[in-house]
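Have a look at the structure below, then the notes.
The values are calculated or read from the model by the stated rules, or taken from the named source; none is laboratory data. The shown structure was predicted, so the numbers you read here are calculated from the model rather than taken from an experiment. Positions of Cβ are generated from backbone atoms using ideal geometry, with glycine treated the same way; all protein chains shown enter the neighbour counts. All accessible areas refer to the heavy atoms of the entire protein, side chains included, with ligands and DNA or RNA removed. Shrake-Rupley method; radii C 1.70, N 1.55, O 1.52, S 1.80 Å.
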Amino acid sequence: QQPVQSPQAVILREGEDAVINCSSSKALYSVHWYRQKHGEAPVFLMILLKGGEQKGHEKISASFNEKKQQSSLYLTASQLSYSGTYFCGTEVITNAGNNRKLIWGLGTSLAVNP
Amino acid sequence: DTGVSQNPRHKITKRGQNVTFRCDPISEHNRLYWYRQTLGQGPEFLTYFQNEAQLEKSRLLSDRFSAERPKGSFSTLEIQRTEQGDSAMYLCASSPGLAGDNEQFFGPGTRLTVL
């Protein structure tokens with residue numbers, strides 16, 4: 001059930017773009033994107049709920065495909081502050097009905113260099 | 001509101017000892033989650049509460065782990081007879097619990113080292 005993130009690591013020069021993918025074998029209720037810097041707690045970026053949805057702003061945005069099995073995070077004109085590990089958390093409906101929990105990918109390490 | 005807080009921030013214990021961690025969520029957040037994270041891995045779900053009710057507990061969790069949220073506010077996570085494999089960062093998160101919007105706000109974590 002764990003989503004698959006790719007790539008595992010990315011190294012960019014400041015100003016370059018990157019795409020991080022998150023795939024699931026099953027349709028999802030939602031996808032969450034978080035960024036975690038070394039030694040800190042994860043910080044929320046955005047949630048996608050609807051198939052075909054695109055969200056975010058010019059620099060950091062994400063999409064959720066129609067089948068709700070894949071999401072991509074787009075980082076445009078990267079800044080030094082974008083460095084960190086990006087996690088997708090996929091929300092599934094559990095056997096208990098409305099109870100939901102996040103299953104996290106292994107993360108994508110992003111380093112932005114000057 | 002100062003966000004989610006966790007205490008202690010660091011805990012070093014000897015194998016076999018019991019430890020207890022506390023999490024204070026953002027006030028009025030109905031949902032509270034516990035995760036464990038080891039180096040190079042994503043957060044691993046442990047359990048979660050809707051108010052005071054524990055709705056799910058990971059099957060990966062042994063009987064040595066127990067969590068409570070007695071009044072639907074703060075929560076405690078206890079690990080009995082700690083083992084070296086329990087060494088990890090223990091993260092707590094809370095969310096409003098509103099339908100469709102489950103942004104989780106994380107606390108700073110408690111780093112456990114079992115010697």
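Condition check ((1) touching a strand residue (DSSP E or B) at 6+ places or on another chain (Cβ under 6 Å); (2) open to solvent by 50 Å² or more (accessible area, probe 1.4 Å); (3) under 15 Å from B:Pro25 (Cβ atoms); (4) among the aromatic types (Phe, Trp, Tyr)) across all residues:
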residue: B:Pro43; (1), (2), (3), (4): yes, no, no, no
residue: B:Gly72; (1), (2), (3), (4): no, no, yes, no
residue: B:Arg81; (1), (2), (3), (4): no, yes, no, no
residue: B:Gln84; (1), (2), (3), (4): yes, yes, no, no
residue: B:Ala88; (1), (2), (3), (4): yes, no, no, no
residue: B:Leu91; (1), (2), (3), (4): yes, no, yes, no
residue: B:Pro96; (1), (2), (3), (4): no, no, yes, no
Is it the case, given these coordinates, that A:Gln70 is in contact with a Cys (Cβ under 9 Å, 6 or more places away or on another chain) and either free of Cβ contacts under 8 Å to residues at least 60 places away in the same chain or away from chain B (no Cβ under 14 Å) (or both)? yes
The range A:40-61, subset facing another protein chain (nearest Cβ under 9 Å) and without any contact (Cβ under 8 Å) to a residue 40 or more places away in the chain, residue most open to solvent (accessible area, probe 1.4 Å): A:Glu40
Just to verify a result, which residue in the range B:45-70, among those that are at pLDDT 90 or above and among the basic types (Lys, Arg), is surrounded by the fewest Cβ atoms within 10 Å (Cβ to Cβ)? B:Arg64
If you go through A:Ser72, A:Ser63, A:Ser78, the only one that is in a loop (DSSP other than H, G, I, E, B) and hydroxyl-bearing (Ser, Thr, Tyr) is A:Ser78
Looking for whichever is more than 13 Å from the chain's Cα centre (by Cα) and farther than 30 Å from B:Arg111 by Cβ here; the options are A:Lys37, A:Lys50. Which one fits? A:Lys50
Could you tell me whether the range B:27-40 includes any residue that is in contact with a Pro (Cβ under 7 Å, 6 or more places away or on another chain), facing chain A (nearest Cβ under 10 Å) and open to solvent by less than 40 Å² (accessible area, probe 1.4 Å)? yes
Could you list, in sequence order, the residues of the range B:41-72 that are at the interface with chain A (Cβ under 10 Å from one of its Cβ atoms) and among the acidic types (Asp, Glu)? B:Glu44, B:Glu56
